[in-house]
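What follows is a set of notes on a single structure, which appears directly below.
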There are 2 protein chains.
Amino acid sequence: MLTGVPVYHRETQINMFKLLNQEGRARRGEFMTPHGTVQTPVFMNVGTQGAIKGALSAEDLSNIGCQIELSNTYHLHIRPGDRLIHDLGGLHRFMTWDGPMLTDSGGFQIFSLAALRKISEEGVAFNSHVDGRHIFMSPENSIQIQSNLGSDIAMAFDECIKIPSPYEYVKESCDRTSQWLVRCRDELERLNDQPDTVNRGQVLFGINQGTIFPDLRIDHMKRIAELDLAGYAIGGLAVGETTQEMYDTIELTEEHMPKDRPRYLMGVGTPSNIIESVARGIDFFDCVMPARNGRHGHLYTWDGVINIKNERYLLDEAPIDDRCRCPVCKRYSRAYIRHLFKAEEMLALRFSVMHNLYFYNDLMTHIRESIEQGMFSEFRKSYSERLSRRI
Amino acid sequence: MLTGVPVYHRETQINMFKLLNQEGRARRGEFMTPHGTVQTPVFMNVGTQGAIKGALSAEDLSNIGCQIELSNTYHLHIRPGDRLIHDLGGLHRFMTWDGPMLTDSGGFQIFSLAALRKISEEGVAFNSHVDGRHIFMSPENSIQIQSNLGSDIAMAFDECIKIPSPYEYVKESCDRTSQWLVRCRDELERLNDQPDTVNRGQVLFGINQGTIFPDLRIDHMKRIAELDLAGYAIGGLAVGETTQEMYDTIELTEEHMPKDRPRYLMGVGTPSNIIESVARGIDFFDCVMPARNGRHGHLYTWDGVINIKNERYLLDEAPIDDRCRCPVCKRYSRAYIRHLFKAEEMLALRFSVMHNLYFYNDLMTHIRESIEQGMFSEFRKSYSERLSRRI
């Protein structure tokens, strides 16, 4: 159990977010957690099952500038089971990551991976994608699992709706997600009062939904803002709408998000998406894209995205990006990494994921510095398009 | 090109091997190479295609106590091509490994992987196992490839015969392998005199063959010993004969190997095989077993081999082996590594290969220390059976 950390609930909560600087809507801040302070805007590095795809360890996360790790409730509930992780002292200890950690609620995976879903007011019944086993998850269950994992930030259990969906369905779903949020909050407070809770300083972020219907997004945001939670996320974007629709939705929602709480745009996105969303007031990001692209040989540079498998790198002794200071660029050539891909060596994946995650973390450092120096709009002009182009 | 290294050929060679100590037939020695001195007995860590299976890098090799890396001529000739590696400054530079390196001759892979082989006095014609492309390899070709790679030790091109094979065929094959060895030696000397050779200090080890026919093994060993090469290997074992037949063959061959040159037992083996072969006078080993076993979750400890996927490790917070000081045992629990296997995370493979290779390197350190202290027979008694048992 984590000692010396104040129990977090409604009566005693302090605001853990501090806004340090602003340029336009772009915000430079910091968020305190029981495992350290996160400098924002920040990109969270995804360790789905308590490990990072591409054979990266907790030690590697430290070496690539990761500030906060994100793990998945759904996956860990199924394998190895959150009770087991609780009994072994929580996920921090299990995976040996002692920095800040966020867990998602499982909602997104239930709605994208699991079979035979049935939604009721009570929760969601579904079958595990691994062994078909029947599972029921309520908002309380999701929070219990996240409490067993002991992350610093728990996410509310919500329904993720595909875009497009009928207006009436989205409206009903937002109502349900609002009711579930109250239950999530109450359950977390109950658990934070239990003596055997792993991390009694765990806080809850609410999630805004409403697809791309402006009035539903705004109405839902206003309702959940009243709960005065530690942070708020925009969920259900980057699931089929256009990029412009996504930016428009962020803009209109952001106006109704509490200014003194961090905002998290879930599952987004390209370097360009991140820069544009910072410009619209977002503080937290996560995305599987840098790891997934890395595994396909698509590597980020400050000039755009290269495909390392390309013939042109056959004899190229330069690093992936000579401006990059990641452990891969410090030592290995494009020619060697290309060979590793062609020879189907696992090391190709490790190097590529390591570089791409470092790049994203480094991108956030540059974004933070540019906001501090009042240079963010310059930075945005120089890099927003450039970083996402294929070269 | 490697500068400051003496060109190695018949007229100028010095003996690069120094015998430091002996206990019975077990030998403690050191072998000088242009990339540093190897303490023997030694286990060579296998990086088939210029990378270690399990996503281990050259940097990782340093961290797990690797003294000498082994790469495969056949694989690198096919992908990315040895000319390319030559043009990029050699394999040391390509993979960023600056320690000693040995390359095999390609023979073993041609006889185990490639299709449609045709052997003549001139060499072997075969089809690539990757793209079916027709390739011809003579002893000269094999040495040219190894010279392009720039390893410190090149292996002679030989025919690897399966066990059992008819006496007459083995006899003919040994004659051919002897003739090929002379051509290998002459070609290496020619190449070491060329100005654009990557590593002009490269030396040749001859390979003894003869399956398990005592007279053919001895006769062949005597013939190749006359060439006064930098070292000698016993090849063609651990390919189907019994363990006792292997040990018997080592014993009778060893008597005819030059005492002042290192002996390398190719492709062997379990910790027990290694201890028993050191007791019979062997100095160099290589084997894919620790990496392959690691990928299946079979992990070495000083009490025997455990299967980390076993239910009994579900809640086990101990390291793989609490006497092990490898980067994995220093930080991660059996329960976590078991989870990584069950969740099919690539990190499971990296951790397991890293631990097993460290274990083998550490085993050799203990063997060396025990010979130095005249305690090897004690060490052999305590560990020879124990280390290879399944627990």
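Structure above, values below:
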| item | result |
| --- | --- |
| Amide H contacts of B:N21 (H built 1.01 Å from N, under 5 Å, at least 5 apart or other chain) | B:R28 |
| Surface share of carbon and sulfur [accessible, 1.4 angstrom probe, percent] for the protein assembly as shown | 49 percent |
| 12 Å beta-carbon shell around B:D196, net charge (K/R +1, D/E -1) | 0 |
| Around A:E251: net Lys/Arg minus Asp/Glu count, Cβ-Cβ under 14 Å | -2 |
| Size of charge dipole - the protein assembly as shown - debye, nearest 20, with Cβ of Lys, Arg +1 and Asp, Glu -1, no other charges | 180 debye |
| Between region A:184-223 and region B:257-293, the alpha-carbon center distance in angstrom | 61 Å |
| Expected-Rg normalisation [2.2 N^0.38 Å, Cα atoms] applied to region B:301-372 | 1.15 |
| Positive-end residue, region B:60-166 charge dipole about Cα centroid, Cβ charges, pick of B:H134, B:L91, B:N63 | B:H134 |
| Cβ-defined net charge surrounding A:G36, 15 Å radius [Lys, Arg +1; Asp, Glu -1] | -3 |
| Magnitude of the charge dipole, chain B, Cβ model with Lys/Arg +1 and Asp/Glu -1, debye to 20 | 1020 debye |
| Percentage relative contact order, region A:92-159, counting C-alpha pairs under 8 Å, at least six apart | 39 percent |
| Directionally averaged shadow of the protein assembly as shown, computed from the convex hull of its alpha-carbon atoms, nm² | 35.4 nm² |
| Teacher prompt: A:I119 distances to equivalent labels in other copies, 7 Å Cα→Cβ, nm | 6.9 |
| Helical contribution to [θ] at 222 nm, DSSP H n ≥ 4, -39,500 (n - 2.57), averaged over chain A, rounded to 500 | -11500 deg cm²/dmol |
| Relative packing of B:271-277, B:297-303, which averages over residues the other C-beta atoms within 10 Å, highest first | B:271-277, B:297-303 |
| Residues with amide H under 5 Å from that of B:V42, placed H, sequence gap 5 or more | B:F284, B:F285 |
| Hz values of 3J(HN,Hα) by residue in region B:47-60 - Karplus curve (6.51, -1.76, 1.60), Gly and Pro given as x | x, 2, 9, x, 7, 8, 3, x, 6, 8, 9, 4, 4, 4 |
| Percent of alpha-carbon pairs separated by more than 17 Å within region A:250-391 | 61 percent |
| Heavy atoms of A:E172: accessible area, 1.4 Å probe, square angstrom to 10 | 100 Å² |
| Vicinal HN-Hα couplings computed from phi for region A:17-34 (Karplus, 6.51 cos²θ - 1.76 cosθ + 1.60; Hz; Gly/Pro x) | 9, 10, 8, 9, 6, 9, 9, x, 8, 5, 10, 10, x, 9, 10, 8, 9, x |
| Computed accessible area, B:E168, all protein chains, 1.4 angstrom probe, square angstrom | 110 Å² |
| Protection proxy ranking of A:23-36, B:334-347 - average other beta-carbon atoms within 10 Å, highest first | B:334-347, A:23-36 |
| Violating pairs (Cα-Cα greater than 23 angstrom) within the set A:K118/A:K222; A:K309/B:K53; B:K162/B:K309; A:K330/B:K330 | A:K118/A:K222; B:K162/B:K309; A:K330/B:K330 |
| For region B:310-385 and region A:228-254, distance of Cα centres in Å | 48 Å |
| Compactness of region B:84-192, expressed as Rg and Dmax over alpha-carbon positions, Å | 14.8, 46 |
| Kirkwood hydrodynamic radius over Cα pairs of region B:178-318, then Stokes diffusion coefficient at 4 °C and 1.567 mPa s, in µm²/s | 75 µm²/s |
| Other-copy label distances relative to B:G36, 7 angstrom Cα-Cβ extension, nm | 3.1 |
| Contact order relative to length of chain B, as percent, for alpha carbon pairs under 8 angstrom and 6 or more apart | 18 percent |
| Alpha-carbon centroids, region A:23-67 and region B:107-163: separation in whole Å | 49 Å |
| Accessible area of B:V278 in the full protein assembly, 1.4 Å probe (Å², nearest 10) | 0 Å² |
| Per residue accessible area of region B:171-292, 1.4 Å probe, in Å² | 32 Å² |
| GNM top mover of B:S57, B:S178, B:S71 - chain B, alpha-carbon springs below 10 Å | B:S57 |
| Between 0 and 90°, nearest 10: helix A:346-372 axis offset from chain A longest Cα axis | 70 degrees |
| Shape metrics for chain B, restricted to C-alpha atoms - Rg then Dmax, Å | 20.5, 63 |
| q = 0.23, 0.28, 0.32 Å⁻¹, region A:33-83: log10 I(q)/I(0) [Debye, one scatterer per Cα] | -0.93, -1.11, -1.19 |
| Relative contact order %, region A:50-103, counting alpha carbon pairs below 8 Å whose residues are six or more apart | 48 percent |
| Choice from B:T96, B:T40, B:T365 showing the highest fluctuation, given a GNM over chain B with Cα pairs closer than 10 Å | B:T96 |
| Angle in degrees between helix A:243-254 and the longest Cα principal axis of chain A, rounded to the nearest 10 | 50 degrees |
| Placed amide H near B:R200: partners under 5 Å, 5+ positions off or other chain | B:L2 |
| Accessible surface buried upon B-A contact (total; probe 1.4 Å; Å², nearest 100) | 3500 Å² |
| Beta bridges per DSSP with both ends in chain A, % antiparallel, nearest 5 | 50 percent |
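The values are calculated or read from the model by the stated rules, or taken from the named source; none is laboratory data. Note that the structure is a prediction, hence the values are computed from the model and not measured. Using ideal geometry, Cβ is built from the backbone for each residue, glycine included, and neighbour counts are taken over all protein chains shown. Remember, those area values only see protein heavy atoms, side chains included, never the ligands or the DNA or RNA. Shrake-Rupley method; radii C 1.70, N 1.55, O 1.52, S 1.80 Å.
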